[in-house]
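Participant: Sharing a structure below in structure tokens format, with a few things to ask.
Read-outs throughout are calculated quantities, based only on the coordinates presented, and are distinct from any laboratory measurement. In this text, all values refer to a predicted model and were calculated from it rather than measured experimentally. Neighbour counts run over all protein chains shown; Cβ positions are idealised from the backbone, glycine included.
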């Protein structure tokens, strides 16, 4: 190093510091694209519905289609800015949560036989809040659907579709609240509920039970129901 100019020594030191930071931050530094999205406040009156669930909340509108498009255009990894109300905003690093294995396949029984497909379940994300140690993000993002939580500095913020609570909710309307604002209610054990329900069925006279509706072939009808698990 003898004879090297000071500015060159400083430059080499800076490279070393940046390399160390890259190792510490992992995939965060590989996400260079930034997309910012701002919510708008929904003016509808949902107090009668939500006041039984939350102490404080906000009903907001977010452009789920634009957010979904931005993530897809960046190989499902993105640095995203979400401004959820006048004072609460987050810069998030998102990447696929890999909840489903690469060899996952879906087999559906149809009248024509079994059909096997490989669904693209690319709407589950995990991540962190920028420059916040110990932060955690878990979000499910699709067009018309955003659900999950953001954990930062010991606080948990949740966002979920408003149509969970109101049939009058419009597309892209969401409820935003902090976990401490959830009104808890007494709940019984599901195992005990299942036992009580089974006993109730067994105690009923056979003639009062409604039989399954057969199809034209005489076989009981099995209904297919779509549902989405937004948990990690």
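Participant: Quick check: from the Cα gyration tensor, does the range 27-162 come out rounded (a/c under 1.5), prolate or oblate? Kindly include the intermediate steps, with their values, before the conclusion.
Facilitator: Numbers: a/c = 2.06, a/b = 1.32, b/c = 1.56.
It comes out oblate by the Cα gyration axes.
Participant: Residue 168 to residue 55: FRET efficiency via 1/(1 + (r/R0)^6), r the Cβ-Cβ distance, R0 25 Å, to the nearest 0.05? Kindly include the intermediate steps, with their values, before the conclusion.
Facilitator: Details: r = 22 Å, r/R0 = 0.90.
Computed FRET efficiency for residue 168 and residue 55: 0.65.
Participant: Highest mean first, how do 135-142, 150-157 rank when packing is the count of other Cβ atoms within 10 Å averaged over residues? Don't jump to the answer; show the numbers that get you there.
Facilitator: Values: 135-142: 19.5, 150-157: 15.0.
In descending order of packing, they fall as 135-142, 150-157.
Participant: Mind giving me the FRET efficiency for residue 182 and residue 112? R0 is 45 Å, r the Cβ-Cβ distance, nearest 0.05 is fine. Present the calculation step by step, with values, prior to reporting the outcome.
Facilitator: Numbers: r = 46 Å, r/R0 = 1.02.
For R0 = 45 Å, the calculated efficiency reads 0.45.
Participant: Mind giving me the nanometre distance, one decimal, between the label points for residue 100 and residue 200, set 7 Å out from Cα along Cα→Cβ?
Facilitator: Each label point lies 7 Å from its Cα, and together they span 3.5 nm.
Participant: Here is a further query. Using 0.36 nm times the number of residues separating residue 156 and residue 91, minus their current alpha carbon distance, what extension gain do you get?
Facilitator: On the way: separation 65, 0.36 × 65 = 23.40 nm, distance 1.51 nm.
Contour length minus the Cα-Cα distance gives 21.9 nm.
Participant: Let's test the formula: R0 of 22 Å, r as the Cβ-Cβ distance of residue 37 and residue 149. What FRET efficiency results, to the nearest 0.05? Don't skip to the end; give the middle numbers.
Facilitator: Numbers: r = 17 Å, r/R0 = 0.79.
Computed FRET efficiency for residue 37 and residue 149: 0.80.
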